[in-house]
Amino acid sequence: MSEQGTNSRAEGAYPQGLVESVSTLSRLVLSEEDIPSTLRRITNLAVTAIDGVEQCSISLARNGDISTVAATANVITRLDDIQYETKEGPCLSSIEKHETFRIPDMEHDKTWPTFSKRAAEETGLKSMLSFVLEVHHDALGALNLVSSRLDAFTEDDVAAGSIFAAQASIALKNAIDYAGDKEQIEQLRQAMMTRQIIGQAVGLVMASKQVKEQEAFQTLVQISQHTNVKLRDIARRVVDKASDL
């Protein structure tokens with residue numbers, strides 16, 4: 001980890017805020033919260049879970065793009081933007097190297113000088129701590145923690161943040177998987193509804209024109225091709241028209 005701290009807690013003792021926050025995150029893993037809600041919960045919990053944290057954001061990198069997907073305040077969103085603009089900073093390094101990075105003093109940081117100088121001048125923030133988030137098979141994130149105090153984060157805070165980030169990763173994976181499941185279920189439901197409505201329309205055409213099933217289906221297909229309207233929409237019109245009679 002970049003920039004080591006000095007203080008350490010008594011063995012086996014964790015801050016109550018961390019214990020409660022991790023407990024809340026573990027419940028999120030078993031819940032059906034959507035992705036935006038989970039992101040908001042994680043950033044808000046991080047502020048109370050880890051000593052020294054004043055604001056928190058989550059950056060997400062996917063397919064070569066990176067953006068801030070949740071933040072507790074505009075000031076940390078601006079901080080993230082400076083990283084994206086300068087293409088350097090602890091957030092980007094955490095995602096690239098899968099490690100934890102810390103800045104104790106923005107004004108005198110030599111690891112990411114361009115970013116740190118602008119961050120200090122434009123945001124007034126002085127300390128930063130970033131953890132990688134293993135979000136999904138095609139996406140990585142970073143949990144970014146900041147403070148307006150110099151050297152705000154100790155080794156204890158790094159250890160607490162590591163525990164929190166690991167649980168946050170699991171909660172985010174759960175939310176993404178749940179969103180994927182919901183999308184697949186919705187697609188299946190739409191497919192079933194489409195088959196059902198087309199079947200009803202075919203039956204109505206068979207009855208009205210006294211034709212067999214295949215011929216009735218081809219009639220609907222021809223209308224769809226001629227009007228450039230999807231087959232399911234043509235079927236819906238046929239069914240709706242029949243129900244109005």
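Quick notes on this one:
- Residues being of a type outside the set (Gly, Ala, Ser), part of a helix (DSSP H, G or I) and surrounded by 12 or more Cβ atoms within 10 Å (Cβ to Cβ) - total across segment 222-232: 3
- Checked against the criterion of being free of Cβ contacts under 8 Å to residues at least 12 places away in the same chain and at negative phi, segment 116-124 contains one or more residues that satisfy it.
- Among the residues listed as Ile103, Ile58, Ile66, the single one being among the aliphatic types (A, V, I, L, M), crowded, with 17+ Cβ neighbours inside 10 Å and under 17 Å from Asp151 (Cα atoms): Ile103
- Residue that is in contact with an Asp or Glu (Cβ under 7 Å, 6 or more places away or on another chain) and either over 14 Å from Ser127 (Cα atoms) or without any contact (Cβ under 8 Å) to a residue 60 or more places away in the chain (or both), where the choices are Leu172, Leu150: Leu150
- Among the residues of this structure, Leu45 counts as one that is in contact (Cβ under 8 Å) with a residue 40 or more places away in the chain, touching a Phe, Trp or Tyr at 6+ places or on another chain (Cβ under 8 Å) and not polar (S, T, N, Q).
- Annotation: of all residues in segment 120-155 being part of a loop (DSSP other than H, G, I, E, B) and of a type in the set (D, E, K, R), the one that is farthest from Val75 (Cα to Cα) is Asp138.
- Selection count where residues are surrounded by 15 or more Cβ atoms within 10 Å (Cβ to Cβ) and not in a helix (DSSP H, G or I), scope segment 197-221: 1
- Residue within segment 137-156 that is outside the structural domain of Ala119 (by TED's automatic domain parsing), surrounded by 14 or more Cβ atoms within 10 Å (Cβ to Cβ), at pLDDT below 90 and of a type in the set (A, V, I, L, M, F, W, C) present: no
- Check on Ala171, under 12 Å from the mean Cα position of the chain (by Cα) and of a type in the set (A, V, I, L, M): yes
The values are calculated or read from the model by the stated rules, or taken from the named source; none is laboratory data. Because the structure is predicted, anything quoted here is derived from the model rather than measured. Every residue, glycine among them, receives a Cβ derived from its backbone with ideal geometry; neighbour counts consider all protein chains shown.
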